[in-house]
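Participant: A single structure is presented below for examination.
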Amino acid sequence: MRKFLALSITMAVSGASIAATNITWWHAMGGQLGDTVNKISSDFNAAQEACTIEPVYKGSYEELLTSGVAAFRAKQAPNIIQVYDAGAATIINAKGAVIPVTDLFAEADVAFDEDDYIAGVRNFYADSDGKMIGMPFNSSTPILYYNKDALAEAGVEPPKTWEDFETIAPKLKEAGYIGFSQSHTPWIFAENFHSRHNLQLADEANGYDAPATHILYNNPDMKMHFSKLKEWKDNGYYGYYGEGWGDNQTPFEKGEVAMWLGSSGSFGGVKEKAEFDFGTTYLPYWNSINDGKEYNTFIGGAALFAFNGYGKEQNACTASFFKFLSQSDTQAFWHKETGYVPITNAAYDLVKSEGYYDEEPAAETGILQLNQSGGEWTKGYRLGFYPQIREVMRREFTKFFNGDVSVDDAFATIESESDKLLARFAQTVKE
């Protein structure tokens, strides 16, 4: 690996006698994830002598994006910034802010094939022609975790469809369990609901072709699904414990609810806390909508973007670091440590060949789901001011589950406020 990296950055240096080129990476990975980020950075620095990367923790995703935009405007941006899925449109539409990774690799003469990356991962951060803009990093997708003991006690199997869930929910309740809870309602029950059912979620090809100005969440399928959720909640089949991620994960880990919809990236955390044997399976879908067809979900998490404005040597180091992240052994380490999916097909094959999924089959579910058949509307979305749109959804979903507003009123409000935000973003991009 040392030899490869040294060769890949010959544009930056000609030998170890020249001082290393320093680059900075702003990220939002705290705690154990931050420790893993630091380990990967240290491994990169130790693997070659031409470049030194400095990872800097900048707080939450939202705080990091705000800091990054401000730093770019002040011409003090880092070389690399981590941007979460909801912020992708903001960074990609900021004119001249980032160098597409495809161009970055080409300029640094580093070999790169977009097809090496898992389709469900690479598409989310690519443009409408498939050109990769961001480098996928911590990628995850929503899956269903289930308590094997609870399901066995009720004499049921994990549901493949929501129709299946309606059949088993009374049996789980009779056995003393609430059927399921879920975290991050917008991600799972708005964005990935549309992917799982191959439904368009915004105009302008979900925002890939141009800044979208109209959101399409106010549709009969979404309203049917949320009406069912409310009905299930009222019957004790579904638990909505609040807006926080942990609010809904904790009851599952305590054994109070039988199933939990969360992130494939939560695998490590669930394994650490749950005192029961658990399994994972795909996100259920409505057969009444899909008519037997099953579609892939798309990813959440974040990608890395290379800020513009740096010289050839620093850009070459950024390209080398991105290449290092894509190496199979780096990805295998990241996947096993965190539960985030490997971003390349080769890394996935390596982990499989090592027998990891024979020991931990639940860790493979997210990858298999991402690799399911895609449809016209399953590659993702790119919507401006989407963090604010998610806040509108969270507010209205909470009011709806509390019985304060009807499903029609909730989704009418979401549509109205979202369209205003989208229109404001589209105008900002034009200016």
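Participant: What distance in nm separates the two pseudo spin-label positions at Asn402 and Ser42, each 7 Å out from Cα along the beta-carbon direction?
Facilitator: Once both label points are built, they end up 4.6 nm from each other.
Participant: Under 17 Å from the 7 Å Cα→Cβ point of Lys271, by amide nitrogen: which residues of segment 350-372?
Facilitator: Label zone hits: 350-368.
Participant: Okay, next question. Pairs of alpha-carbon atoms within less than 8 angstrom and 6+ residues apart define the contacts here; what relative contact order does segment 112-171 have, in percent?
Facilitator: It rounds to 18 percent for segment 112-171.
Participant: Which loop GluC sites (Glu not before Pro) in segment 216-276, with loop taken from DSSP, have no more than 10 other Cβ atoms within 10 angstrom of their Cβ?
Facilitator: The qualifying sites are Glu275.
Participant: Now for a different question. Charges at C-beta only: +1 for Lys and Arg, -1 for Asp and Glu. How large is the resulting dipole of the chain about its Cα centre, in Debye rounded to 20?
Facilitator: Here the chain has a charge dipole of around 960 debye.
Participant: Given contacts defined as C-alpha pairs under 8 Å and at least six residues apart, what's the relative contact order of segment 288-390, whole-number percent?
Facilitator: 38 percent
Participant: Before I look further, what does the chain give for accessible area per residue, probe 1.4 Å, in whole square angstrom?
Facilitator: 39 Å²
Participant: Is the shape of segment 29-136 best called rounded, prolate or oblate, per the rule: a/c under 1.5 gives rounded, else a/b larger than b/c gives prolate, else oblate, with a ≥ b ≥ c the square roots of the Cα gyration tensor eigenvalues?
Facilitator: rounded
Participant: What angle, in degrees between 0 and 90 and rounded to the nearest 10, separates the Cα long axis of helix 220-235 from the longest principal axis of the Cα atoms of the chain?
Facilitator: Roughly 60 degrees between the two axes.
Participant: Between segment 287-336 and segment 173-232, what is the separation of their alpha carbon centroids in Å?
Facilitator: Between the Cα centre of segment 287-336 and that of segment 173-232, the gap is 24 Å.
Participant: Express the carbon and sulfur contribution to the solvent-accessible surface of segment 18-110 as a percent, rounded to the nearest whole number, probe 1.4 angstrom.
Facilitator: Percent of accessible area from carbon and sulfur atoms in segment 18-110: 52.
Participant: Give me the percent of accessible area attributable to carbon and sulfur for segment 184-327, probe 1.4 angstrom.
Facilitator: Looking at segment 184-327 in its full context, I get 42 percent from C and S.
Participant: Let me ask something else about it. Output the peptides 347-359, 47-59 sorted from most to least packed, where packing is the average of other Cβ atoms within 10 Å over each peptide's residues.
Facilitator: The peptides rank, most packed first, as 47-59, 347-359.
Participant: According to the square roots a ≥ b ≥ c of the eigenvalues of the Cα gyration tensor, what is the shape class of segment 334-375, taking rounded for a/c under 1.5, prolate for a/b larger than b/c otherwise, and oblate for the remainder?
Facilitator: Prolate, because a/c is 1.5 or more and a/b exceeds b/c.
Participant: On a 0 to 90° scale, report how tilted helix 312-326 is relative to the longest principal axis of the chain, with both axes built from alpha carbons and the result rounded to the nearest 10.
Facilitator: Helix 312-326 and the main axis of the chain meet at about 40 degrees.
The values are calculated or read from the model by the stated rules, or taken from the named source; none is laboratory data. Quick caveat: nothing in here was measured; it's all calculated off a predicted structure. Glycine also receives a Cβ, built like all others from the backbone with ideal geometry; neighbour counts cover every protein chain displayed. All accessible areas refer to the heavy atoms of the entire protein, side chains included, with ligands and DNA or RNA removed. Shrake-Rupley method; radii C 1.70, N 1.55, O 1.52, S 1.80 Å.
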